[in-house]
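A short write-up of the structure that comes next.
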Amino acid sequence: MREVLLFGAGGRAGRAAVVEAGRRGHEVTAAMRNPSRYAELNGVAADVTDAARIAELAAGQDAVIAAVYDGDADPADFYPAAATALVTGLAKAGVSRLVWAGLTPLLATEDGTLLMDTPGYPQEYRGFFLAHAAAAEVFANSALDWVSIAPAGDFEHENPERTGIYRVVPASADSRISYADLAIALLDEIDEPRHHRVRLGVACA
């Protein structure tokens, strides 16, 4: 059994990770801004941009998962602030492993081009992409043992079942994965860390 602190437990990726961690017998502390909205998770109130609160909650944990989003905040402020707080708070708590739910457009395609820079890729949310990229830069400039995992293409919406199988692959707009299978990838990098300080794309086999 592992002790896992999970920020963003109320979101779709976060909730899937809570379920997957439970399947593995792990003890999960579900951290979110408004735990009263998700009473079934028995969560705790936390702001992922608050380094002191992160340090408090992370003390004694084996690892942290962060699958965070704040629709009320400016992404350009929120994501770098969250990354900075995680780096600071986890260092204070003595926790080195962070699994970050990343963003697909920041992944490299087979020829090395970032998906967001490929011809025809939608650009209306580029500011959001760059905000996530700024967070990744904070991690890259730290001593944290982080890994960022995102769908290699998009989430499976037509048949979003847990297959139990996934692959690490280059980014491709055609790739699909369910939230449940993404959660497997997130937890695998806690149970048996294989990737360090990199961004990964995952898809169903």
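The values are calculated or read from the model by the stated rules, or taken from the named source; none is laboratory data. Source: prediction; values computed, not measured. Positions of Cβ are backbone-derived with ideal geometry, glycine not excepted, and every protein chain shown enters the neighbour counts.
Scan region 57-67 and tell me whether some residue there is farther than 19 Å from residue 93 by Cα and at pLDDT below 95. The answer is no, given that none of the residues of region 57-67 is farther than 19 Å from residue 93 by Cα and at pLDDT below 95.
Tell me yes or no: at least one residue of region 54-72 is farther than 22 Å from residue 160 by Cα, in contact (Cβ under 8 Å) with a residue 12 or more places away in the chain and hydroxyl-bearing (Ser, Thr, Tyr). No, the conditions are met nowhere in region 54-72.
Answer yes or no: is there a residue in region 137-148 that is under 14 Å from residue 108 (Cα atoms), surrounded by 20 or more Cβ atoms within 10 Å (Cβ to Cβ), among the β-branched types (Val, Ile, Thr) and at pLDDT 95 or above. Checked region 137-148: no residue is under 14 Å from residue 108 (Cα atoms), surrounded by 20 or more Cβ atoms within 10 Å (Cβ to Cβ), among the β-branched types (Val, Ile, Thr) and at pLDDT 95 or above. Take the conditions (1) crowded, with 23+ Cβ neighbours inside 10 Å; (2) under 14 Å from the mean Cα position of the chain (by Cα); (3) farther than 21 Å from residue 178 by Cα; residue 97 misses just one of them, which is (1).
When 21, 46, 30, 17 are checked against the criterion of being in contact (Cβ under 8 Å) with a residue 40 or more places away in the chain, under 14 Å from residue 68 (Cα atoms) and among the hydrophobic types (A, V, I, L, M, F, W, C), 17 stands alone in meeting it. What do you reckon, is residue 194 among the basic types (Lys, Arg), in contact with a Ser or Thr (Cβ under 9 Å, 6 or more places away or on another chain), over 14 Å from residue 102 (Cα atoms) and in a loop (DSSP other than H, G, I, E, B)? So residue 194 does not fit the description; no. Only one of the numbered conditions (1) under 17 Å from the mean Cα position of the chain (by Cα); (2) aliphatic (A, V, I, L, M); (3) under 26 Å from residue 88 (Cβ atoms) is not met by residue 143, and that is (1). The set of residues from region 143-186 being among the small types (Gly, Ala, Ser), under 20 Å from residue 123 (Cα atoms) and in a loop (DSSP other than H, G, I, E, B) comprises 152, 153, 171, 172, 173, 175.
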